[in-house]
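Worksheet for the structure shown next.
The values are calculated or read from the model by the stated rules, or taken from the named source; none is laboratory data. Computed from a predicted model, the values in this text were never measured in an experiment. So basically every Cβ, Gly included, is an ideal-geometry build from the backbone, and we count neighbours across all protein chains shown.
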Amino acid sequence: MAVRFYQVGSFAVGNRLVDGTDRTVQSDPGRSNSLTSGHRACQGCGEALGARYALDAAMRATAGRMVAVNATGCLEVFSTPYPETSWQIAWLHSLFGNAPAVATGVAAALRVKGRNDVRVVGQAGDGGTVDIGFGCLSGMFERNDDVLFICYDNQAYMNTGVQRSGATPPAARTATTEAVGPEPGNPFGQGKNMPALAMAHEIPYVATATVADLHDLEAKIERAMTFHGARYLHILVPCPLGWGSAACDTVRIARLATQTGLFPVFEAEHGEVVRVTKIRRPAPVTEYLRLQGRFAHLFDGSGQPVRPDIVAALQDLADRTVRRYGLVDDVEGGF
Amino acid sequence: MVFEVRIHGRGGQGVVTAAELLAVAAFEEGRFAQAFPSFGSERTGAPVVSYCRLDEREIRTREPVVAPDALIVLDPTLVHQVDLFAGLLGTGFVLVNSTRTLDELGLGTLLERFRHDRLLTVPGTEIAQRHTGRPVPNAVLLGGFAALTSEVSIEAVTKAVGDRFGASPSVAERNVAAAAEAYAYVRREMSDGVEKVMLSAPAD
Amino acid sequence: MAHTVALCRPEVVCAYPISPQTHIIEALGALVKTGELSPCEFINVESEFAAMSVAIGASAAGARAFTATSSQGLLFMMEAVYNAGGLGLPIVMTLANRAIGAPINIWNDHSDAMAARDAGWVQLFAETNQEAADLHILAFRLAEELSLPVMVCMDGFILTHASERVDLPTPEQVDAYLPPFEPRQLLDPDDPVSIGAMVGPEAFEEVRFIAHTRHLQALVRIEELSEEFAETFGRDSGGLLHRYRTVDADTVVVALGSVLGTIKDLVDTLREGGMRIGVLGITSFRPFPSDAVRAALEKARRVVVVEKAFSVGFGGVLSTDLAMSLTGLTVPVATVVAGLGGRPITKTSLQSVFESADRGELGQLTFLDLNHDLVARELQRIVQYPRSGPSAENILRGLGTPAGTG
């Protein structure tokens with residue numbers, strides 16, 4: 001049995017004691033560097049990290065036979081400051097809301113040309129997936145088009161100045177859900193559970209991942225590429241700017257999101273959950289919230305909740321998610 | 001010289017197809033033809049109008065037929081809803097799908113000033129039902145039209161109808177037979193002279 | 001139409017249903033399903049926005065892409081239409097011209113094409129079904145040669161639902177005229193490129209200018225390709241414009257699309273009566289053939305533009321473009337807005353307008369067959385009881401009809 005080592009901060013990119021095939025793609029000097037250096041992402045950008053790992057893994061899984069379609073958003077903007085591009089793969093950006101449909105078109109063209117070895121990846125932020133891209137995404141899922149769609153979820157419209165999206169969590173402060181009034185931040189009772197919506201289409205493969213467990217992310221990309229048809233990967237990517245967190249805390253915050261239960265890590269096939277990553281070290285939501293400026297209005301200067309009701313509601317949400325997906329060992333998921 | 005036809009009916013009676021079939025029949029005979037509907041969204045039972053122009057030379061105009069040389073009415077109940085005879089030329093032909101006479105339909109006075117030998121009813125739905133099992137009178141009325149106006153031959157109508165239903169030869173056969181029966185019916189009615197034509201004697 | 005498009009060997013066909021384009025796409029779908037049109041991927045998309053997006057992806061990946069829409073559908077995909085135009089992807093689209101709501105109206109006019117006129121697409125207007133079919137063949141050739149998307153405009157219902165005599169091209173003819181699609185740059189893992197970067201102020205103008213020069217090249221190529229078309233297929237179709245009895249005409253009528261047939265018939269009748277009148281049909285609306293139009297009209301004493309669109313708050317659309325082409329000449333241009341929302345354009349109505357023009361009495365802007373009484377009553381009511389709300393329903397209120405039963 002292979003020994004698993006956990007990532008420590010962001011310095012350990014190779015696990016030298018691990019079998020070659022289990023090693024992260026990033027440890028391979030022959031990796032594609034799909035998203036190579038020189039892009040203009042912020043320091044500590046979770047999306048840049050996630051995209052680099054995801055696409056290099058996809059390139060390895062497809063032996064370099066891949067085309068990527070990107071929606072408008074941070075990733076597209078910071079990676080292609082004309083006349084430069086940091087993409088070393090075949091890459092197309094069309095519009096904000098149509099990445100899934102454009103990906104469908106690319107896949108159709110490859111099929112009709114008999115290039116069945118070339119795979120298609122579509123990718124977008126949470127806005128381009130959950131809101132403006134939702135119609136096209138649902139269409140792509142419904143037709144079971146052969147596209148792996150990746151959502152880099154930083155839970156708001158970051159590139160335009162941190163506005164609320166359908167993926168923004170309750171109580172989070174954004175420019176359009178300010179931390180003022182009796183219900184500060186994003187209202188409770190809104191938002192879309194995008195992985196669940198993807199599962200409702202009964203597509204071959206749906207998975208969630210975060211930048212806290214990059215091996216897991218790579219493994220899921222590789223697993224996704226073993227399927228044909230519509231596949232969906234939802235990756236939590238903290239945004240230091242929009243979340244008001246320290247650039248060095250990106251991976252830690254992502255880990256806390258999973259350990260509080262707020263972000264469940266799992267895989268589903270044809271609408272049924274088949275694998276769940278259990279929480280190793282459960283953490284209360286406060287540990288997660290306190291690291292982020294977007295939740296700062298819930299605490300006072302010494303870190304004590306000034307809105308214990310909201311914190312409790314968020315804890316409740318986390319607990320429900322733990323129960324629902326069976327994220328803690330003595331609890332069976334009921335999803 | 002262009003010959004203009006206007007076809008009235010309800011959605012589901014084959015009004016649009018009738019115009020197309022007529023155009024095809026004329027095409028078979030080497031003439032130019034143009035057929036098009038006056039449209040609405042799909043809805044069975046709604047009034048539908050279609051147009052067909054026949055000519056020896058290219059037909060360029062696209063306006064609806066406002067002064068028809070011939071009218072085909074697939075559903076006489078329309079007379080109370082639509083101005084069926086608007087613009088009909090004095091020398092115009094009228095063929096109405098009905099088992100009743102024009103008088104019995106209450107159209108006697110309306111049609112008084114037209115040429116009586118060019119006005120006829122034909123029991124199209126009944127003929128269609130007997131041959132094809134469906135109350136769709138369009139092919140039938142075209143058979144009648146061929147007889148009444150001689151603008152197209154029954155052979156051309158037969159070819160057009162046959163080709164349209166080419167995928168199911170038995171359906172094609174039955175529609176062709178129905179059209180042929182209407183053709184024969186109209187020929188009989190016409191040769192029996194003015195006395196047998198629907199309009200009642202002037203005294204009424 | 002479907003038959004001709006199929007002969008052009010499209011590789012990806014994707015469209016969303018909208019009246020009156022549905023049967024073209026349905027027929028293509030059937031051809032793909034039976035294998036008659038192969039290799040071809042037919043995709044049932046979930047919206048027009050998706051339709052144009054799928055076409056964009058397909059075209060960027062090197063496949064010949066085709067879609068079709070009308071009116072509301074065109075508007076729904078408008079972001080993608082501009083995207084395709086800006087990226088210079090050689091997509092061909094049938095635009096079955098239909099009015100744009102509100103009020104919702106499924107009948108023919110040219111407001112949809114006019115809404116897209118600045119998007120960088122070539123816009124060709126067909127006068128007959130023959131020309132509509134032929135223009136598709138020319139469209140694919142032109143699009144792929146100049147790396148420009150092309151829309152073939154054909155009047156909804158009037159052409160799309162008309163049966164008329166058409167000479168169908170043979171596969172050999174089409175193959176001789178239209179070679180396989182070989183894009184100069186495409187999405188290929190063997191030669192990766194990034195397509196769709198954000199271009200800032202330092203280069204945007206140049207990119208747009210190059211698109212403009214492509215259109216100017218199209219003005220030349222459309223004529224040349226139409227000549228080649230005539231050689232290959234044995235008939236005249238397309239070209240930048242068609243002139244009919246304009247050489248010695250005092251009055252020249254200008255129009256787009258199927259109404260030209262009606263006008264030609266009328267012109268013959270009026271000529272018999274001694275009026276010196278002719279008609280100019282513009283086929284290529286974008287790029288606008290300014291020089292050719294000017295040459296055709298400079299000897300006229302007056303121009304009457306009959307158009308199926310108008311710019312609310314201003315006047316005609318075609319006539320405005322046309323007037324620009326005639327800058328410096330003293331030829332007066334009158335606009336006649338006709339056929340909006342599918343109202344039939346009759347020879348009778350046109351005749352009185354042309355006679356009025358011939359007498360020098362036609363005003364600058366005329367709305368053909370406008371119901372002046374109805375309008376006057378409604379305007380009066382508005383003055384008496386000013387209230388906001390939709391005109392169509394308020395007209396009914398004025399008549400005492402509950403709007404709900406309209």
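Here are the numbers:
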quantity	calculated
Members of the stretch C:263-289 found to be more than 17 Å from the chain's Cα centre (by Cα) and under 19 Å from C:LEU326 (Cα atoms), listed by number	C:ILE277, C:GLY278, C:VAL279
Candidate set from the stretch A:21-49 (those that are part of a loop (DSSP other than H, G, I, E, B) and within 13 Å of chain C (Cβ to nearest Cβ)); member that is farthest from the chain's Cα centre (by Cα)	A:GLY38
Strands (runs of 3 or more DSSP E) lying entirely in the stretch A:221-313 (those with 2 or more residues that are farther than 30 Å from A:VAL102 by Cβ)	A:272-276
The one condition in (1) facing chain A (nearest Cβ under 10 Å); (2) more than 26 Å from C:VAL199 (Cβ to Cβ); (3) surrounded by fewer than 19 Cβ atoms within 10 Å (Cβ to Cβ) that C:GLU26 fails to fulfil	(1)
Residues of the stretch B:75-93 satisfying the condition of being in contact with a helix residue (DSSP H, G or I) (Cβ under 7 Å, 6 or more places away or on another chain) and not in a loop (DSSP other than H, G, I, E, B)	B:PHE93
Pairs where the first residue, in the stretch A:309-332, is over 15 Å from A:LEU256 (Cβ atoms) and the second is surrounded by fewer than 18 Cβ atoms within 10 Å (Cβ to Cβ) and among the aromatic types (Phe, Trp, Tyr), C-beta under 9 Å, 6+ apart	A:ILE310/A:PHE188; A:ALA313/A:PHE188; A:ARG324/A:PHE335; A:TYR325/A:PHE335; A:GLY326/A:PHE335
Subset of the stretch A:95-111 [within 10 Å of C:ALA63 (Cβ to Cβ), surrounded by 22 or more Cβ atoms within 10 Å (Cβ to Cβ) and touching an Asp or Glu at 6+ places or on another chain (Cβ under 8 Å)]	A:ALA108, A:ALA109
Conditions (1) surrounded by 23 or more Cβ atoms within 10 Å (Cβ to Cβ); (2) free of Cβ contacts under 8 Å to residues at least 24 places away in the same chain; number of the one not met by C:ALA295	(1)
Scan of the stretch A:163-182 for residues that are touching a Leu at 6+ places or on another chain (Cβ under 9 Å) and surrounded by fewer than 24 Cβ atoms within 10 Å (Cβ to Cβ), ordered by number	A:PRO169, A:PRO170, A:ALA179
Residue within the stretch C:329-342 that is assigned to a helix (DSSP H, G or I) and within 14 Å of chain B (Cβ to nearest Cβ) present	yes
Members of the stretch A:51-73 found to be touching an Asp or Glu at 6+ places or on another chain (Cβ under 7 Å), at the interface with chain C (Cβ under 9 Å from one of its Cβ atoms) and surrounded by fewer than 24 Cβ atoms within 10 Å (Cβ to Cβ), listed by number	A:ARG65
Where a residue in the stretch A:50-62 is modelled with pLDDT of 95 or more and in a helix (DSSP H, G or I) and its partner, wherever it lies, is among the aromatic types (Phe, Trp, Tyr) and surrounded by 24 or more Cβ atoms within 10 Å (Cβ to Cβ), with Cβ under 8 Å and at least six apart	A:GLY50/A:TYR152; A:ALA51/A:TYR152
Any hit, the stretch C:326-339, residues being modelled with pLDDT of 95 or more and either assigned by TED's automatic domain parsing to the domain that holds C:CYS153 or at positive phi (or both)	yes
Residue satisfying all of: in the stretch A:146-186; in a loop (DSSP other than H, G, I, E, B) and touching a Ser or Thr at 6+ places or on another chain (Cβ under 7 Å); nearest to A:GLU222 (Cα to Cα) among these	A:VAL147
Enumerated helices (runs of 4 or more DSSP H) restricted to the stretch C:30-104, each holding at least 3 residues that are touching a residue at least 12 places away in the same chain (Cβ under 8 Å) and touching a Gly at 6+ places or on another chain (Cβ under 6 Å)	C:48-60
Test result for C:ALA133, of a type outside the set (S, T, N, Q) and under 12 Å from the mean Cα position of the chain (by Cα)	no
Strands (runs of 3 or more DSSP E) lying entirely in the stretch B:1-74 (those with 2 or more residues that are more than 13 Å from chain C (Cβ to nearest Cβ))	B:3-10, B:70-73
Subset of the stretch A:70-82 [without any contact (Cβ under 8 Å) to a residue 60 or more places away in the chain and touching a helix residue (DSSP H, G or I) at 6+ places or on another chain (Cβ under 6 Å)]	A:ASN70
Matching residues, the stretch A:74-116, being more than 7 Å from every other protein chain (Cβ to nearest Cβ) and among the hydroxyl-bearing types (Ser, Thr, Tyr)	A:SER79, A:SER86
Sole exception among (1) of a type in the set (Gly, Ala, Ser); (2) in a loop (DSSP other than H, G, I, E, B); (3) away from every other protein chain (no Cβ under 14 Å) for C:ALA139, by number	(2)
Selected residue (criterion: farthest from C:ASP191 (Cα to Cα)) from residues of the stretch C:45-66 that are within 7 Å of another protein chain (Cβ to nearest Cβ) and in contact with a Lys or Arg (Cβ under 7 Å, 6 or more places away or on another chain)	C:ALA63
Within the stretch C:242-260, tally of residues that are crowded, with 19+ Cβ neighbours inside 10 Å and either more than 13 Å from chain B (Cβ to nearest Cβ) or outside any strand (DSSP E or B) (or both)	11
Count - residues of the stretch C:106-165 that are among the hydrophobic types (A, V, I, L, M, F, W, C), over 19 Å from B:VAL16 (Cα atoms) and in contact with a helix residue (DSSP H, G or I) (Cβ under 7 Å, 6 or more places away or on another chain)	17
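The rows are residues; the columns are (1) more than 29 Å from the chain's Cα centre (by Cα); (2) outside the structural domain of C:ASP248 (by TED's automatic domain parsing); (3) more than 14 Å from C:THR251 (Cα to Cα); (4) surrounded by 17 or more Cβ atoms within 10 Å (Cβ to Cβ).
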position: C:THR346; (1), (2), (3), (4): no, no, yes, yes
position: C:LEU350; (1), (2), (3), (4): no, no, no, yes
position: C:GLU361; (1), (2), (3), (4): yes, no, no, no
position: C:ARG381; (1), (2), (3), (4): yes, yes, yes, no
position: C:TYR385; (1), (2), (3), (4): yes, yes, yes, no
position: C:SER388; (1), (2), (3), (4): yes, yes, yes, no
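To keep it simple, each residue is scored yes or no on (1) farther than 20 Å from C:ASP188 by Cα; (2) not β-branched (Val, Ile, Thr).
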| position | (1), (2) |
| --- | --- |
| A:THR80 | no, no |
| A:ALA90 | no, yes |
| A:ASN98 | yes, yes |
| A:GLY105 | no, yes |
| A:LEU110 | no, yes |
| A:GLN123 | no, yes |
| A:ASP131 | yes, yes |
| A:PHE134 | yes, yes |
| A:PHE141 | yes, yes |
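Yes/no matrix, rows are residues, columns are (1) modelled with pLDDT of 95 or more; (2) crowded, with 22+ Cβ neighbours inside 10 Å; (3) hydroxyl-bearing (Ser, Thr, Tyr):
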{"position": "C:PRO103", "(1), (2), (3)": "no, no, no"}
{"position": "C:ALA139", "(1), (2), (3)": "yes, yes, no"}
{"position": "C:ALA143", "(1), (2), (3)": "yes, yes, no"}
{"position": "C:SER147", "(1), (2), (3)": "yes, no, yes"}
{"position": "C:ASP155", "(1), (2), (3)": "yes, yes, no"}
{"position": "C:GLN173", "(1), (2), (3)": "yes, no, no"}
{"position": "C:PRO180", "(1), (2), (3)": "yes, no, no"}
{"position": "C:ARG184", "(1), (2), (3)": "no, no, no"}
{"position": "C:GLY200", "(1), (2), (3)": "no, no, no"}
